[in-house]
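Rule-based calculations on the coordinates, nothing more; no lab input. Note that this is a predicted model, so its numbers are computed, not measured. Cβ atoms come from the backbone with ideal geometry, glycine included; neighbour counts cover every protein chain shown.
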Amino acid sequence: MNMAEFTKCSNEKVNKWLEEQIAMCQPESVVWIDGSESQLEALRAEAVSTGELIKLNEEKLPGCYYHRTTENDVARVEDRTFICTPTEEEAGPINNWMEPSQMYDKLKALYTGAMKGRTMYIIPYSMGPVGSPFSKIGIELTDSIYVVLNMNIMTRIGQEVMDVLGTDGDFVKCLHAKKDVNPEERYIVHFPQDNAIMSVNSAYGGNVLLGKKCFALRIASYLGKQEGWMAEHMLILGLENPQGEVKYIAAAFPSACGKTNLAMLIPPEYLQEKGYKVWTVGDDIAWLRINPEDGKLYAINPEAGFFGVAPGTSEKTNFNALESTKKNTIFTNVALNNDDLTVWWEGLDKNPPKNCTNWLGEKVDGTTYEGNLAHPNSRFTAPAINCPCISSEFENPQGVPISAIVFGGRRAKTAPLVYQARDWEHGVFVGATMASETTAAAAGAVGVVRRDPMAMKPFVGYNMADYFGHWLEMGKKLGDNAPAIFHVNWFRKDDEGNFMWPGFGDNMRVLLWILDRVSGKADAHDSAIGLLPTASDIDTTGLGISAEELDALLSVDKEVWKEDVENIKEYFAQFGDRLPADIKKQLEILDKNLND
Ligand code: GTP
Ligand code: SPV
Ligand code: MN
């Protein structure tokens, strides 16, 4: 066998693993990514020369590039995502599982010779600020320049990471081969016990940027369970009041349900004038730990960029996200304006480009085209430092103290605009019983309600019942320091199918009630499902929403909830005896409350 030459590093564990992967994938050459701008610039130029990237208008979008993936490769593939623990029980009933040695054999066949004639890039990266005690290191091998350039935005990469890893440090082994993007042989596989991730036959987002969902959620949730911390699908925002005090909120919503938008929200004008501000710490993932000094829950955002949903992002809905994409950003599967090499997507403005290339690569007249010019799951990869409201604590290696945890999803009926859990255990139950309509972020049907506990259904790296147990355990450790837990729903619809709540910046009004509850300034009344505000508790200044409309948004229809409880019972049944007793107890309480 002809082994491509590679320069060894000072860490023998890395060298040994590299040797094995190179022998298997058989790349023509191997390149270490050192993170230098000169190396990255050369890779951008190479990707442009092969057509993998299109350089966008340097004046309007400096440092920005455009990329399309193949039609069958535009979202995460949950049915091809596996958690390969030694036993099926450990992976649990909602994860796909295969016995590890069987899966290794299967993958070995797929990876053998997969990089023939190609270059293998070695990307050392850190999730979390380099060298922070809370950060973790991964090394991703990939045959895709697109992946290298995205990882450079989404994580901290390069030689400085190798320096921290040192001669003996441990790392998450991440192997990605784009191979021939064959959907029939696409696998996204995790071996939690081996700290290993293997992804093959995809070139899209969460399937291939292995630091993100694969490491920072699936592997990290497993590590968190072992080590006593939590990896969650949560945004982190700081809300500054007119006195200049900042309180932090972490919120878990399923994919494409509003995390990026909430994380960067711009308060309604009357609140801005009073001096309220929102600061973004993270828009997708939070790593949470109990700080031994004050016993409180602290969060870091392990990422360095935003892999955000493009459609719907506009100056009006999410000014800060749009600003973040104005330089050094990669756009994937949006529409291209061929006249001035800028980008467009549904919801950006009312002016689709006439001379347009759509996400399928077809040249079309965008002003008359009937279908979507951008794919509904088209994305921007933007550096977090571009964000006008990035928090001063973004790089703080200790993280920020969390005052409130918020769960939410897309529910046309059922869930009210906001309610509070009575205590941590009830809050864990509220998270565990979350449900949401599916979105384009994953392959498959859109708009179907499914249960998505803590927005982690696609991302939990072990048995979901044990994950509920871990949440309960964390609550016991936190005791009186546990953040209050809430549930929100921005997506309630009236009988005509219109959203009843304006959403976006106006969600601030709900956040204020949440923080007023935390500081004991706002009232709530108990209901069958938890603590509800009365309509007058939500500030509707300038909103043009009537008291009746707000009442409707806050209403709890017991009959609809009873149906939901039946569905919850069925859902929980799959966990059998592993379902924690505290969760069963909470279900009994809800059932009883609804039937009283
Ligand atoms: P992932 O990156 O997939 O995890 O998504 P996300 O949770 O960050 O969702 P994002 O903020 O990107 O929003 C997804 C879609 O929901 C976009 O099209 C938004 O315009 C829309 N959206 C976000 N917030 C709101 C809201 O408050 N109300 C309504 N009606 N739509 C919203
Ligand atoms: C999500 O689907 O929750 C995302 C996008 O954030 S991806 O990185 O593709 O998972
Ligand atoms: Mn996400």
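Amide H to amide H distances under 5 Å link THR69 with ASN333, where only residues 5 or more positions off or on other chains count and H is placed in the peptide plane.
Between region 185-230 and region 547-596, the alpha-carbon centres lie 32 Å apart. With R₀ fixed at 51 Å, the C-beta to C-beta distance from SER527 to THR367 puts the FRET efficiency at about 0.55. For the pair region 95-140 / region 21-51, the C-alpha centres are spaced 17 Å from each other.
With the Cα gyration tensor of region 372-455 giving a ≥ b ≥ c as the square roots of its eigenvalues, does the rule (a/c under 1.5 for rounded; else a/b larger than b/c for prolate; else oblate) give rounded, prolate or oblate? Because a/c hits 1.5 or more and a/b fails to exceed b/c, region 372-455 counts as oblate.
Here the Karplus relation 6.51 cos²θ - 1.76 cosθ + 1.60, evaluated at θ = phi - 60°, turns the backbone of region 526-543 into coupling constants of 6, 9, 4, 9, x, 8, 10, x, 7, 3, 5, 6, 9, 6, 10, 3, x, 8 Hz, with x for every Gly and Pro. Label point of LYS585 set 7 angstrom out along Cα-Cβ; within region 472-491, amide nitrogens under 14 Å from it belong to 472-473, 475-476. Charge tally around GLU58: other residues with Cβ under 14 Å, Lys/Arg +1 each, Asp/Glu -1 each, net +2. Counted by Cβ distance under 13 Å from LYS247, the other residues give a net charge of 0, where Lys and Arg count +1 and Asp and Glu count -1. 3J(HN,Hα) along region 189-202, derived from phi through the Karplus expression 6.51 cos²θ - 1.76 cosθ + 1.60 where θ = phi - 60°, amounts to 10, 10, 10, x, 5, 9, 6, 10, 10, 10, 10, 9, 6, 9 Hz, with x in place of Gly and Pro.
With K and R counted +1 and D and E -1, the other residues having a Cβ less than 11 Å from that of GLY158 yield a net charge of -3. Helical runs (DSSP H, four residues minimum) scored at -39500 (n - 2.57) apiece and divided by the length of the chain put the mean residue ellipticity at 222 nm at -8000 deg cm²/dmol. Rounded, prolate or oblate: which fits region 400-525, taking a ≥ b ≥ c as square roots of the Cα gyration tensor eigenvalues, rounded meaning a/c under 1.5, else prolate when a/b beats b/c? Verdict is oblate for region 400-525. Shown here for region 284-327: GluC sites (Glu not before Pro) in loop regions (DSSP other than H, G, I, E, B) with at most 12 other Cβ atoms within 10 Å, namely GLU293. Dipole magnitude for the chain: computed about the Cα centre from +1 point charges on Lys and Arg Cβ and -1 point charges on Asp and Glu Cβ, it is near 500 debye.
Between amide H atoms placed 1.01 Å from N, distances below 5 Å from PHE253 occur with LEU235, all of them 5 or more places distant or on a separate chain. Amide H to amide H distances under 5 Å link LEU53 with VAL48, where only residues 5 or more positions off or on other chains count and H is placed in the peptide plane. Here is the list for region 395-491: trypsin sites (Lys or Arg not before Pro) lying in DSSP coil, each with at most 15 other C-beta atoms within 10 angstrom of its C-beta, are LYS413. Within region 179-264, the GluC sites (Glu not before Pro) that combine a DSSP coil assignment with at most 11 other C-beta atoms in a 10 angstrom radius are GLU245.
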